[in-house]
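Please read the structure below before turning to the comments.
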Amino acid sequence: MISLRSRSVQETHALASAIASVVRPRDMVVLSGGMGAGKTAFTVGFARALGVNDDEHVSSPTFTLVHTYSTGRIPLHHADLYRLGSLGEVADLGLREQVDLGAVALVEWGDVAQAVLGDCLVIHLENDLDDDDARDITISVRGHDWDARWERLRDAVRTWTVQS
């Protein structure tokens, strides 16, 4: 696990950009954390780093479930599972199939559906109770898709690493 600290929305964008530099087609990235933890802010930085056009408004797909951005170097599917009530509904979205066709998926509230999503990078964002702008962020993996890139990922986010 990697423990990180972001002190502002701009730092969260930059951190997401650093992670985006390491992703490749077929990656599933799960974003977890409470309401207002910064999942959508993370997605904005991630999408911009992939080259999604500035004229494409990156926002939470809470009511549409999935937004797709295809103007970047890798197609990006941004899903929000908050309103779904079963793993069957998650499976019906076909995120794994879309990713397997050469896209990347960022899945908000995806921690409840990891059994359906398969191997993934898990990014947990947590609000700091003493500083509204700060976030504590942990990165972990499920499965082995990131084994060969783990040190490269650790290097990419070194700026925000919390020293233990």
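Looking at the stretch 1-47, which of its residues are charged (D, E, K, R) and either modelled with pLDDT under 90 or under 15 Å from N127 (Cα atoms) (or both)?
Answer for the stretch 1-47, where residues must be charged (D, E, K, R) and either modelled with pLDDT under 90 or under 15 Å from N127 (Cα atoms) (or both): R5, R7, E11, K39.
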(message) For the stretch 1-24, which positions are in a loop (DSSP other than H, G, I, E, B) and crowded, with 19+ Cβ neighbours inside 10 Å?
(response) V23
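Report the residue count in the stretch 116-142 for those that are of a type outside the set (V, I, T) and farther than 21 Å from L76 by Cα. Talk me through it step by step, then tell me what you get.
Filtering the stretch 116-142 down to residues of a type outside the set (V, I, T) leaves 117-121, 124-136, 140, 142.
Those left that are additionally farther than 21 Å from L76 by Cα: 126-136.
Going through the stretch 116-142 one residue at a time, the tally reaches 11.
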(message) Restricting to the stretch 76-119, count the residues that are in contact with a Leu (Cβ under 8 Å, 6 or more places away or on another chain), of a type outside the set (A, V, I, L, M, F, W, C) and under 20 Å from L50 (Cβ atoms).
(response) 6
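So which helices (runs of 4 or more DSSP H) are wholly in the stretch 59-164 and hold at least 2 residues that are within 17 Å of the chain's Cα centre (by Cα) and at pLDDT 90 or above?
On the way: elements: 87-92, 95-100, 114-117, 150-156.
By residue number, 150-156.
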(message) Looking only at the stretch 123-164, how many residues end up being closer than 26 Å to R26 by Cα, surrounded by 11 or more Cβ atoms within 10 Å (Cβ to Cβ) and among the small types (G, A, S)?
(response) 3
(request) Taking only the stretch 25-35 into account, find how many residues are part of a loop (DSSP other than H, G, I, E, B) and either more than 20 Å from D128 (Cα to Cα) or out of contact with any Asp or Glu (no Cβ under 9 Å at 6 or more places or on another chain) (or both). (result) 4
(request) Tally the residues that are surrounded by 14 or more Cβ atoms within 10 Å (Cβ to Cβ), among the hydrophobic types (A, V, I, L, M, F, W, C) and either touching a Phe, Trp or Tyr at 6+ places or on another chain (Cβ under 8 Å) or more than 18 Å from T68 (Cα to Cα) (or both), restricting the search to the stretch 85-122. (result) 9
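The values are calculated or read from the model by the stated rules, or taken from the named source; none is laboratory data. Owing to the predicted nature of the structure, the values given are computational and were not obtained by experimental measurement. Cβ: placed from backbone, ideal geometry, glycine included. Neighbour counts: every protein chain shown.
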